[in-house]
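The values are calculated or read from the model by the stated rules, or taken from the named source; none is laboratory data. Predicted model only: the values in this text are computed from it and were never measured. We place every Cβ from the backbone using ideal geometry, glycine too, and count neighbours over all the protein chains shown. The area values use the complete protein model at the heavy-atom level, side chains included, leaving out ligands, DNA and RNA. Shrake-Rupley method; radii C 1.70, N 1.55, O 1.52, S 1.80 Å.
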Amino acid sequence: MELNKEVLQKFERIKKLRQPWEEDWKDITRFILPRRENWEDTANRGKKIATSVFDGTAIGAASLMANGFVGYVMSPNVPWFRLTFEDEELLQIEGVKEWLQMVEKTLYSDFRRSNIYEEAIEYFRDGGTVATATMYCEDRIDTNTLRFSTRHPKEIYIAEGEDENIDTWFRKFWMTARSLEQKFGYDNLSQAVKNLCEKNPYEHVPVIHAVFPREDRDVTKLDNKNKPFASIYVEADAEHSVLRESGYDESPYITWRWSTNSDELYGRGPGHDVLVEVKKINHMSKGLLRLTQMATDPPLNVPDEMRNRLKWEPGGRNYYSQPEMIVQPAQIGANFPVGFDREENLRQSIEQAYMVDFFLMLQRTPQQLTATEVMERQAEKAAIMGPILGRLTTDFLNPLIQKAFRLGVEAGRIQMPPEEILQQLGGQMKIEYIGPLAQAQKQFHTTHGIDHSLAALAPIAQFDPQVVDNIDFDELAREALEAHGIPQKALRKSREVEAMRQARMQAEQQAQQLDQAERLGKAPGLMKRPEPGSPMEAMNQAANQGAIPDGEAQQ
């Protein structure tokens with residue numbers, strides 16, 4: 001079978017796997033993420049959005065959570081990760097820490113020059129609503145920079161491998177005929193697209209990009225067509241040969257699913273959890289809005305004689321001959337407090353699902369709380385977010401840094417360490433996250449454990465001080481410092497600490513010896529020279545010769 005037909009057939013099969021999810025996604029984006037509301041399989045842009053929204057609580061909560069994740073997890077303003085090794089002995093090798101710091105510096109520089117932080121906000125919005133977010137990563141050779149693009153969920157179709165990790169991506173998107181010619185070359189286009197290039201170069205054409213494990217590759221070859229992942233572009237509406245066939249060592253797509261059921265492919269998240277509440281509050285807000293309009297501009301009971309003569313406006317003049325024939329508002333029986341209470345309850349449910357209290361901790365904290373109490377509350381709430389951060393780390397942050405490292409090595413921005421160091425390292429690098437959220441979680445689990453352990457030991461140590469020998473205070477200090485985010489380069493190596501202590505001990509011993517010598521020199525009777533022939537003179541002579549005469553010793 002021709003490769004393009006094989007790709008299109010595989011796309012149709014994988015497309016069916018997503019269809020059951022699409023109705024929920026359309027509802028979620030309609031009420032919570034209107035910017036993603038357009039699910040039409042066309043290139044239409046600029047469509048009117050948010051026409052069904054009458055309450056913006058969910059929209060604001062989802063947006064706040066996305067911005068909060070960037071600020072608390074991967075803020076561009078503070079270090080949010082560091083590189084190390086599981087085996088701390090490897091860090092003692094000369095030059096290893098310096099190389100790790102060089103890699104970190106390069107990665108931070110690459111991220112700052114890229115658009116990752118802007119795209120991450122869109123990524124977290126998708127993850128917090130439809131619960132399946134996908135980002136495309138590439139290294140722009142022309143500018144020597146990383147480039148990221150968070151794709152609309154409607155473009156992405158996925159499949160899992162045997163380990164339940166995503167290993168297949170199909171992306172259906174739209175490009176102008178002119179862009180297709182620039183990207184793939186005129187000769188690789190179908191005749192229909194070639195005609196568009198000449199007559200209407202800005203007409204959009206559907207394209208499919210397929211990335212999946214290559215099962216028939218020759219591992220002895222290093223060319224793109226024998227890399228572990230196949231990369232194939234085809235025109236979606238043409239019986240035409242492929243636009244481009246290439247390959248990757250690893251997929252350029254990173255997909256994060258908020259959480260998954262064991263028997264489901266796509267993710268579920270807060271958008272699914274609060275969809276019912278969001279629909280309720282929108283329906284109620286629509287009704288209350290109408291009720292408010294009725295109260296401020298009520299229907300009127302108008303005498304028939306006043307038909308077409310009523311002036312219901314400020315300063316209007318209505319003339320009638322019979323005083324009892326008056327214009328009055330109709331009684332609509334509005335009860336606003338009940339509706340407002342129900343709305344407030346629904347808002348709290350929605351904000352709780354999106355963890356608004358955590359991201360607005362300082363703003364919503366009572367003023368009488370101390371800074372320490374605020375930090376403790378924040379750490380406690382951060383600990384509850386552990387499962388979310390764990391999935392985010394596995395699905396997004398780790399692959400992101402690994403891809404940036406690999407692309408940096410390939411582009412020459414990151415230099416590998418000398419061969420002798422590389423042979424000693426052996427194991428893989430470990431990524432530690434030190435952003436505000438990770439630090440809050442670490443502080444909650446680590447420092448609370450340290451504090452509680454020492455508090456429990458204190459009363460026992462009063463009876464037997466030797467029990468403190470069970471604690472390695474050096475290791476305890478390192479744990480506490482790392483939990484509070486101290487930079488790795490600020491921590492001295494263990495052998496450096498030991499050398500400092502030995503030098504300090506030697507200096508103290510020398511000081512004591514000098515002090516003792518000075519005291520002896522000033523003692524009474526030791527300032528004078530012994531009398532000739534005295535026992536003291538004999539002892540000094542014997543000491544200088546290395547022995548005391550037996551007879552004198554007996555005396």
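Would you pick out the residues in region 183-228 that are touching a Leu at 6+ places or on another chain (Cβ under 7 Å) and open to solvent by 60 Å² or more (accessible area, probe 1.4 Å)?
Once the filter is applied, which keeps residues that are touching a Leu at 6+ places or on another chain (Cβ under 7 Å) and open to solvent by 60 Å² or more (accessible area, probe 1.4 Å), region 183-228 yields ASN188, GLU203.
Would you mention how many residues in region 230-271 are free of Cβ contacts under 8 Å to residues at least 24 places away in the same chain and in a strand (DSSP E or B)?
Counting residues in region 230-271 that are free of Cβ contacts under 8 Å to residues at least 24 places away in the same chain and in a strand (DSSP E or B) gives 3.
Among the residues of region 133-159, how many are under 23 Å from GLU23 (Cβ atoms) and either in contact with a Pro (Cβ under 6 Å, 6 or more places away or on another chain) or open to solvent by 30 Å² or more (accessible area, probe 1.4 Å) (or both)?
The qualifying residues number 2.
Within region 6-21, is even one residue crowded, with 18+ Cβ neighbours inside 10 Å, among the hydrophobic types (A, V, I, L, M, F, W, C) and assigned to a loop (DSSP other than H, G, I, E, B)?
No: zero hits.
Which residues, counting only those in region 379-416, are open to solvent by less than 10 Å² (accessible area, probe 1.4 Å) and under 23 Å from SER109 (Cβ atoms)?
Hits for region 379-416 are PHE396, LEU397, LEU400, ILE401, ALA404, GLY408, ILE414.
Please find, within region 113-157, the residue that is farthest from LYS26 (Cα to Cα) out of those that are touching a Gly at 6+ places or on another chain (Cβ under 9 Å) and part of a helix (DSSP H, G or I).
Ranking the candidates gives PHE124 first.
Do we have LEU180 as touching a helix residue (DSSP H, G or I) at 6+ places or on another chain (Cβ under 7 Å), within 30 Å of ASN195 (Cβ to Cβ), among the aliphatic types (A, V, I, L, M) and open to solvent by less than 30 Å² (accessible area, probe 1.4 Å) here?
When the stated conditions are applied, LEU180 passes them.
Hey, could you check region 23-34 for residues that are assigned to a helix (DSSP H, G or I) and touching a residue at least 24 places away in the same chain (Cβ under 8 Å) and say which is most open to solvent (accessible area, probe 1.4 Å)?
My answer is ASP24.
Determine whether region 111-119 contains at least one residue that is open to solvent by less than 10 Å² (accessible area, probe 1.4 Å) and within 22 Å of ILE414 (Cβ to Cβ).
yes
In region 47-67, is there at least one residue being closer than 30 Å to LEU288 by Cα, aromatic (Phe, Trp, Tyr), surrounded by fewer than 18 Cβ atoms within 10 Å (Cβ to Cβ) and touching a residue at least 24 places away in the same chain (Cβ under 8 Å)?
The answer is yes; a qualifying residue exists.
Mind checking whether some residue in region 438-452 is open to solvent by 50 Å² or more (accessible area, probe 1.4 Å), modelled with pLDDT under 90 and among the basic types (Lys, Arg)?
Yes, region 438-452 has at least one match.
Scanning for something farther than 11 Å from PHE148 by Cβ, open to solvent by less than 30 Å² (accessible area, probe 1.4 Å) and in a loop (DSSP other than H, G, I, E, B), does region 94-108 turn up at least one residue?
Scanning region 94-108 turns up at least one residue that is farther than 11 Å from PHE148 by Cβ, open to solvent by less than 30 Å² (accessible area, probe 1.4 Å) and in a loop (DSSP other than H, G, I, E, B).
Within region 158-172, identify whether any single residue is part of a helix (DSSP H, G or I) and touching a Lys or Arg at 6+ places or on another chain (Cβ under 7 Å), and answer yes or no.
No; the residues of region 158-172 include none that is part of a helix (DSSP H, G or I) and touching a Lys or Arg at 6+ places or on another chain (Cβ under 7 Å).
Conditions (1) within 31 Å of the chain's Cα centre (by Cα); (2) modelled with pLDDT of 95 or more; (3) on the phi > 0 side of the Ramachandran plot, marked per residue:
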residue	(1), (2), (3)
ASN4	no, no, no
ARG18	yes, yes, no
ILE28	yes, yes, no
ASP55	yes, no, no
ILE59	yes, yes, no
ALA66	yes, yes, no
TYR72	yes, no, no
